[in-house]
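Below you'll find the structure, written out as structure tokens, and then a few comments.
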Amino acid sequence: IGIPGSGVSKYVMAGKTVSQVTEMPESQQTLTDSSVEFDGQQTVMKFTKIMDEPDEVPIVVGDNMFLWAYGSSPTLGYHAGRASFALNLSSGSSDALQAPNMSAWLAHGIMAFLAWGVLVPLAVESSLFRSLLPPGGLWFKLHRFLNSFAFALTVAAFAVAMAYTDWEAHFAGSHQRMGLAMFVLATLQVAAGVFRPHAPEDGETKTPVRRGFEVGHRVLGVALLACGFWQMYRGIQLYAARSLASSQGVEIAYWVWIGLMSALIVFGIAYSRGHKSAPAAEESPVETEEDA
């Protein structure tokens, strides 16, 4: 393991937690010509190792299985990306091996994108462009349906991540921790929407509780959407690292789509400020009875 500023050393990996990864005794530190440097863009580690040493997995002239991984900071911690490859030291041939459960991780990513890259932005836009929709609360029904569908996909994506992640590695990386935070906050957002204070009738003013709900609902919604955009981008990078494929084309297409959705939301905010509908159109008595 190479740590910038600390050098390259051999470790005993007794488990997947940091406390179970310990440096070997000095008598077993036999690496030579070792170095690890970060040049501002990439980390380069070099070392020379004896092929056959006591109590260690031998490196043979024929076929060998190697693993590599990299972290997310210059400190010892759970890896941010990993993969394996087969190398024949006799012929020099090398074959990259994909990480397991790639179909599950693809499904995880697709559900997350549909939820936070398509449904949630459309739910926001249905509210911002409500004056363009037929009257009678159609915007509210669309807003509720799209967000409900997005939350169902979020729950499914979270369940897949929990099922296919090693228990020792749960929430070890920034992507995993952000996923947990988003799941908790999205649950609170949906619960707040279900149990929201009712909108005022014609001629009534909004109560402080209703005003507080509207402000909190919007602020939390914007925060979740922004976190979702970052989370999906990191997911694309992690999937590419696991599948040993380039993510450049997917990243370009992703940011084009997110840019389009973001532009529509920004335009919608400006549009809605200039075309405010009457307070009664926000939530009609019929909608309130249906919700109850």
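Observations, loosely collected:
- The Rg/Rh ratio of region 180-252, with both radii computed over alpha carbons and Rh defined as the Kirkwood radius, is 1.24.
- Overall dimensions of region 84-183 by Cα: Rg and Dmax, Å: 20.3, 75
- By the Cα gyration tensor, the chain has an equivalent ellipsoid whose semi-axes, rounded to whole angstrom, run 52, 19, 16 from largest to smallest.
- Taking Cα centre as origin and charging only the Cβ of basic (Lys, Arg, +1) and acidic (Asp, Glu, -1) residues, the dipole magnitude of the chain rounds to 820 debye.
- Three principal axis lengths of region 1-135 [C-alpha, angstrom, descending]: 79, 35, 29
- Under a 5 Å amide H cut-off, with hydrogens placed 1.01 Å from N, M24 pairs with K10, Y11, V12 among residues at least 5 apart or on other chains.
- With DNA, RNA and ligands ignored, accessible area of L238 (1.4 Å probe; Å², nearest 10): 30 Å²
- Applied to region 76-81, the Karplus parametrisation 6.51 cos²θ - 1.76 cosθ + 1.60 on θ = phi - 60° returns per-residue 3J(HN,Hα) values of 5, x, 5, 5, 8, x Hz, with x for Gly and Pro.
- Membrane-span-like helices of the chain, defined as complete DSSP H segments with a Cα extent of 20 Å or more along the helix axis and a mean Kyte hydropathy of at least -1.0, are identified as 138-163, 174-194, 208-243, 248-274.
- All-pairs Cα distance distribution in region 159-200, expressed in whole percent, bin size 10 Å: 25, 38, 21, 12, 4
The values are calculated or read from the model by the stated rules, or taken from the named source; none is laboratory data. Just so it is clear, the structure is predicted and the values come from calculations on it, not from any experiment. Neighbour counts run over all protein chains shown; Cβ positions are idealised from the backbone, glycine included. For the accessible areas, the whole protein counts, side chains as well, though only heavy atoms, and no ligand, DNA or RNA atoms are used. Shrake-Rupley method; radii C 1.70, N 1.55, O 1.52, S 1.80 Å.
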